[in-house]
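This report concerns only the one structure given below.
What follows draws every value from the coordinates through simple rules; no lab data is involved. Here the structure is a predicted model, which is why all the values come from computation and not from measurement. Here the Cβ is made from the backbone with ideal geometry for all residues, glycine too, and neighbour counts use every protein chain on show.
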Amino acid sequence: MTRAGAANPIVCLNGEFLPLDQARVPVMDRGFLFGDGVYEVIPAYDRQPFRLAGHLRRLDRSLAGIRLANPHDDGKWAELVRAVIESAPWDDVGVLLQVTRGSGPREHAFPAQVMPTVFLMPLALQPPEQVAVARGVAAVTAQDNRWLRCDLKTISLLGNVLLRQLSVDAGCAETILLRDGWLTEGTASNVLIVRDGVLLTPPETPLLLPGITHEVVLELARAHGMAHATRPIHEDELRAADEIWITSSTKEVLAVTCLDGHPVGTGRPGPIFQRMLRVYREYKRAVMRAGRA
Ligand code: PDD
């Protein structure tokens with residue numbers, strides 16, 4: 001397949017590869033009408049997908065959570081993802097993958113016959129800016145008012161959209177969410193804190209997304225003997241943290257150095273973050289070398 005220009009990349013809609021400006025979804029698609037679907041964003045570096053198996057496992061889990069049969073096995077998904085990466089105009093790509101419950105009459109209940117809509121497209125994957133990595137980013141907090149199944153990666157993102165806009169309005173990089181005084185996650189990231197040298201993060205519950213980058217960070221903490229624990233984190237602990245980190249497939253690992261206008265710890269990315277950043281980058285390089293081998 002030929003590679004397309006950045007303005008009009010090749011996308012895959014229901015198995016057909018075509019330029020983005022020719023891809024059409026019917027207005028009766030339940031993704032459009034109800035936000036009835038799920039998605040993934042799968043990073044690829046130097047055209048090598050990163051942690052593809054984990055993303056496909058989470059996709060399968062999200063589909064089961066909304067009672068939509070997985071239209072493909074992992075082998076077929078991997079083939080589609082690799083084809084989108086290969087035809088992308090960039091070497092570093094985030095593959096956006098969406099599955100909706102397809103088209104039907106506008107009725108809330110599922111249609112009798114479901115023909116899911118399957119869409120994949122490449123997004124340019126910019127590494128976090130040097131200055132954001134070196135100095136950290138600012139975040140605000142907000143009450144987490146999303147639904148109670150945030151463990152499913154659904155395309156119904158209005159809650160996340162409105163909450164994320166609060167940080168944009170405040171000139172910040174992310175909104176960190178608290179539900180009844182307990183840390184859940186960011187609007188598009190997971191959150192970890194460091195207190196007294198220990199890396200802490202909330203447990204997996206239906207109230208937050210099990211992030212793939214977060215999983216990598218915890219694996220690396222374990223592998224490198226960094227003290228860590230998974231347990232509920234109260235707002236007071238978040239505000240008193242020595243370090244706060246956010247993780248996501250697009251941001252990788254970033255330090256939050258300012259929360260609601262107050263410095264976090266020294267106001268600079270902390271020593272444990274610096275160590276994690278080093279091992280994360282080493283791990284990423286090793287995965288890419290193995291992918292090319
Ligand atoms: N978002 N929590 C939420 C609510 C997210 O939307 C994301 C990722 C994460 C981090 O998950 P991962 O490490 O698997 O990317 C946590 C993607 C990047 C997005 O919506 O663009």
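Spin-label model, Ala229/Asn8: points 7 Å from Cα along the beta carbon direction are separated by 5.8 nm. With the biggest extent put first, the Cα atoms of segment 87-227 measure 56, 42, 36 Å across the principal axes. In the chain, Rg over Rh equals 0.97, where Rg is the alpha-carbon radius of gyration and Rh the Kirkwood radius from pairwise Cα distances. Taking amide H positions as modeled 1.01 Å from N, with prolines and chain starts lacking one, the residues under 5 Å from Glu174 and 5 or more places away or on another chain are Val140.
Applying 1/(1 + (r/R0)^6) with r as the Cβ-Cβ distance of Val198 and Arg149 and R0 = 41 angstrom yields a FRET efficiency of 0.85. The C-alpha atoms of segment 208-275 occupy a region whose extents along the principal axes are 31, 26, 25 Å, arranged from largest to smallest.
Of the residues Arg275, Arg101, Arg82, the one that moves most in a GNM of the chain with alpha-carbon contacts below 10 Å is Arg275. For segment 99-201, the set of chymotrypsin sites (Phe, Trp or Tyr not before Pro) satisfying both a DSSP loop assignment and a count of at most 14 other C-beta atoms within 10 Å is given as Trp147. Scalar couplings 3J(HN,Hα) for segment 231-241, obtained by applying the Karplus form with A = 6.51, B = -1.76, C = 1.60 to θ = phi - 60°, are 6, x, 10, 7, 3, 4, 5, 4, 5, 9, 5 Hz; x denotes Gly and Pro. Considering only Pro71, Thr266, Phe32, the residue lying farthest towards the positive end of the dipole of the chain is Pro71, judged by Cα position with unit charges set on Cβ.
If the chain between Phe32 and Thr250 were fully stretched, how many nm would it gain, using 0.36 nm times the residue separation less the Cα-Cα distance?
76.0 nm
For segment 12-89, how big is the tail of P(r) above 21 Å, as a whole percent of Cα pairs?
35 percent
If R0 is taken as 51 Å, the Cβ-Cβ distance between Leu20 and Gln274 corresponds to a FRET efficiency of 0.85. Annotation: extensible slack from Lys76 through Val287 equals 73.8 nm (criterion: 0.36 nm per residue apart, minus Cα-Cα distance).
Projecting the Cα atoms of Pro210, Pro232, Val168 onto the charge dipole of segment 162-293 (Cβ charges, centred on the Cα centre) puts Pro210 farthest toward the positive pole. Averaging 1/r over every pair of different alpha carbons in segment 133-214 and inverting the result gives a Kirkwood radius of 13.3 Å. Taken about its Cα centre, segment 10-124 carries a charge dipole of about 400 debye when Lys and Arg each add +1 at the Cβ and Asp and Glu each add -1 at the Cβ. Of the residues Gly15, Gly211, Gly102, the one that moves most in a GNM of the chain with alpha-carbon contacts below 10 Å is Gly15. With springs only between Cα atoms under 10 Å, which of Thr266, Thr250, Thr175 fluctuates most in a Gaussian network model of the chain? Of Thr266, Thr250, Thr175, the Gaussian network model singles out Thr266 as fluctuating most. Every Cα-Cα pair in segment 46-137 was counted, and those over 16 Å apart are 63% of them. Distance between the 7 Å Cα→Cβ label points at Glu86 and Ala240: 5.6 nm.
Basic side chains Lys and Arg get +1 at the Cβ, acidic Asp and Glu get -1 at the Cβ, and with that the dipole of segment 130-289 about its Cα centre reaches some 660 debye. Spatial offset of segment 23-84 relative to segment 208-244 amounts to 27 Å, using the alpha carbon center of each. The charge dipole of the chain, taken about its Cα centre with unit charges on the Cβ of Lys, Arg, Asp and Glu (plus for the first two, minus for the last two), comes to roughly 500 debye.
Out of all Cα-Cα pairs in segment 154-293, roughly what percent, to the nearest whole number, are more than 27 Å apart? Of the Cα pairs, 19 percent sit more than 27 Å apart.
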